Amino acid sequence: MNKVIPGSFGKFIVVIMIISVILMLAPLIVVTGASFNPVKMTFPPDGFSLKWYGELAGNSEFTRAALVSLVLGLLASITSSLLGLSAAMGLRYCTGKVRSIVNGMMLSPMFIPSIVAGLALYQISYMVFGAKPIWILLFGHILLTIPFPLRTIAANLESLPLSLDEAAMSVGAKPTRVVMSILLPLIKPGFFAGWLLAFVTSWNDFNISIFLSKPKFYPLSIEIYQYLLYQYSPILAAMSVTLIIFTIIVVLFMNKFFGLSGVTGVNSK
């Protein structure tokens with residue numbers, strides 16, 4: 001049964017919701033309008049032109065940076081999701097101080113400012129290798145994203161009683177079979193949600209990438225920063241609109257093949 005908040009308080013809540021939606025959509029409207037401005041970054045636009053989208057498609061620096069961010073995000077999110085899955089499975093059978101220590105160590109990147117972690121990795125890479133190897137950036141992103149799949153997978157596992165594992169092993173199932181055939185199918189939504197959070201975190205990261213990335217291997221966030229240092233044109237707005245469209249496509253794909261409830265926890269029915 002749907003519940004409606006009566007009276008003036010209910011109207012107040014509705015007004016707040018409308019204002020919140022407007023505040024969320026306003027930047028998107030401004031950026032979209034500015035991307036069609038034929039001359040400069042202003043809103044409302046002085047005219048209509050797809051010039052900046054054409055320049056974006058032909059900009060090799062942004063294309064290369066987007067590819068770097070995509071590959072980096074996929075590698076970091078997949079690796080951190082597998083590590084988070086392994087850690088969550090181990091924590092399921094741990095108790096006492098061991099569980100607290102391991103859990104605290106795995107979640108520590110959430111409590112350490114990423115700019116501090118980036119600076120520390122930068123110093124370590126020069127102390128040990130005398131330079132910044134390419135893989136140190138991937139390592140930094142894995143370190144940054146591990147807590148997200150760990151927490152979502154662990155939360156899913158905590159909802160499954162240990163008696164489920166014991167019942168399967170009592171009829172001869174080995175621990176590996178229990179994990180692969182019983183637990184993994186049940187925690188698939190949590191695993192996918194953790195992977196998605198890890199990918200988004202890696203894609204949006206700036207603080208670690210600014211220390212560990214190298215020329216010709218800049219992620220998109222660093223390439224945008226480098227561009228803003230010298231010029232400010234609607235090509236950035238065109239890129240923002242392109243990323244918004246890409247996000248919409250990803251959400252539609254998720255809804256079709258995984259279901260949004262697997263990520264948001266909200267039943268779409």
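The values are calculated or read from the model by the stated rules, or taken from the named source; none is laboratory data. All of these numbers come straight from a predicted model, not from anything done at the bench. Cβ: placed from backbone, ideal geometry, glycine included. Neighbour counts: every protein chain shown.
Is it true that some residue in region 157-165 is touching a helix residue (DSSP H, G or I) at 6+ places or on another chain (Cβ under 7 Å), among the hydrophobic types (A, V, I, L, M, F, W, C) and either touching a residue at least 24 places away in the same chain (Cβ under 8 Å) or surrounded by 19 or more Cβ atoms within 10 Å (Cβ to Cβ) (or both)? If you could, list the steps in order and put the result at the bottom.
Going residue by residue through region 157-165, those that are touching a helix residue (DSSP H, G or I) at 6+ places or on another chain (Cβ under 7 Å) are 157, 160, 164-165.
Now narrow it down to the ones that are among the hydrophobic types (A, V, I, L, M, F, W, C): 157, 160, 164.
If we keep only those that are either touching a residue at least 24 places away in the same chain (Cβ under 8 Å) or surrounded by 19 or more Cβ atoms within 10 Å (Cβ to Cβ) (or both) as well, we get 157, 160.
Scanning region 157-165, I find at least one residue that is touching a helix residue (DSSP H, G or I) at 6+ places or on another chain (Cβ under 7 Å), among the hydrophobic types (A, V, I, L, M, F, W, C) and either touching a residue at least 24 places away in the same chain (Cβ under 8 Å) or surrounded by 19 or more Cβ atoms within 10 Å (Cβ to Cβ) (or both), so the answer is yes.
Quick check on region 28-37. Is at least one of its residues closer than 30 Å to residue 194 by Cβ, among the polar types (S, T, N, Q) and out of contact with any Asp or Glu (no Cβ under 9 Å at 6 or more places or on another chain)? Don't jump to the end; show me each part of the working.
Here is the first cut: in region 28-37, the ones closer than 30 Å to residue 194 by Cβ are 28, 31.
Imposing the further condition that a residue be among the polar types (S, T, N, Q) reduces the set to none.
No, region 28-37 has no match at all.
Inside region 99-127, can you point out the residues that are aliphatic (A, V, I, L, M) and closer than 27 Å to residue 189 by Cα?
Applying the first criterion (aliphatic (A, V, I, L, M)) to region 99-127 yields 101-102, 105-107, 110, 112, 115-117, 119-121, 124, 127.
Those that are aliphatic (A, V, I, L, M) and closer than 27 Å to residue 189 by Cα: 101, 102, 105, 106, 107, 110.
With 71, 21, 31 as the choices, which residue is modelled with pLDDT of 85 or more and within 23 Å of the chain's Cα centre (by Cα)?
Numbers: 21 fails: modelled with pLDDT of 85 or more; 31 fails: modelled with pLDDT of 85 or more.
So the residue among 71, 21, 31 that is modelled with pLDDT of 85 or more and within 23 Å of the chain's Cα centre (by Cα) is 71.
Give the residues of region 236-265 that are of a type outside the set (A, V, I, L, M), at pLDDT 75 or above and either under 17 Å from the mean Cα position of the chain (by Cα) or within 30 Å of residue 156 (Cβ to Cβ) (or both), sorted by residue number.
First, pick out the residues of region 236-265 that are of a type outside the set (A, V, I, L, M): 240, 242, 246-247, 253, 255-259, 261-262, 264-265.
Subset that is at pLDDT 75 or above: 240, 242, 246-247.
Scanning region 236-265 gives 240, 246, 247.
Can you tell which of 268, 233 is in contact with a Leu (Cβ under 8 Å, 6 or more places away or on another chain), part of a loop (DSSP other than H, G, I, E, B) and either among the aromatic types (Phe, Trp, Tyr) or modelled with pLDDT under 80 (or both)?
On the way: 233 fails: in contact with a Leu (Cβ under 8 Å, 6 or more places away or on another chain).
Answer to the selection: 268.
Please give the number of the condition residue 153 fails out of (1) at pLDDT below 80; (2) of a type in the set (Val, Ile, Thr); (3) within 24 Å of the chain's Cα centre (by Cα).
Failed condition: (1).
Looking at region 169-184 only, could you name the residues that are over 17 Å from residue 151 (Cα atoms) and in a helix (DSSP H, G or I)? Can you show your working first?
So the first thing to find is which residues in region 169-184 are over 17 Å from residue 151 (Cα atoms), and the list is 169-182.
The answer is 169, 170, 175, 176, 177, 178, 179, 180, 181, 182.
Could you check region 205-229 and list, in sequence order, the residues that are out of contact with any Asp or Glu (no Cβ under 9 Å at 6 or more places or on another chain), modelled with pLDDT of 85 or more, of a type outside the set (Phe, Trp, Tyr) and in a helix (DSSP H, G or I)?
Scanning region 205-229 gives 207, 208, 209, 210, 212, 220, 222.
Of the conditions (1) within 30 Å of residue 62 (Cα to Cα); (2) over 15 Å from the mean Cα position of the chain (by Cα), residue 163 clears all except one; give me its number.
All conditions are met except number (1).
Would you mind stating whether residue 135 is exposed (fewer than 15 other Cβ atoms within 10 Å of the Cβ), among the aromatic types (Phe, Trp, Tyr) and under 20 Å from residue 77 (Cβ atoms)? Walk me through how you get there before you give the answer.
On the way: exposed (fewer than 15 other Cβ atoms within 10 Å of the Cβ): yes; among the aromatic types (Phe, Trp, Tyr): yes; under 20 Å from residue 77 (Cβ atoms): yes.
Considered against the rule, which asks whether it is exposed (fewer than 15 other Cβ atoms within 10 Å of the Cβ), among the aromatic types (Phe, Trp, Tyr) and under 20 Å from residue 77 (Cβ atoms), residue 135 comes out as yes.
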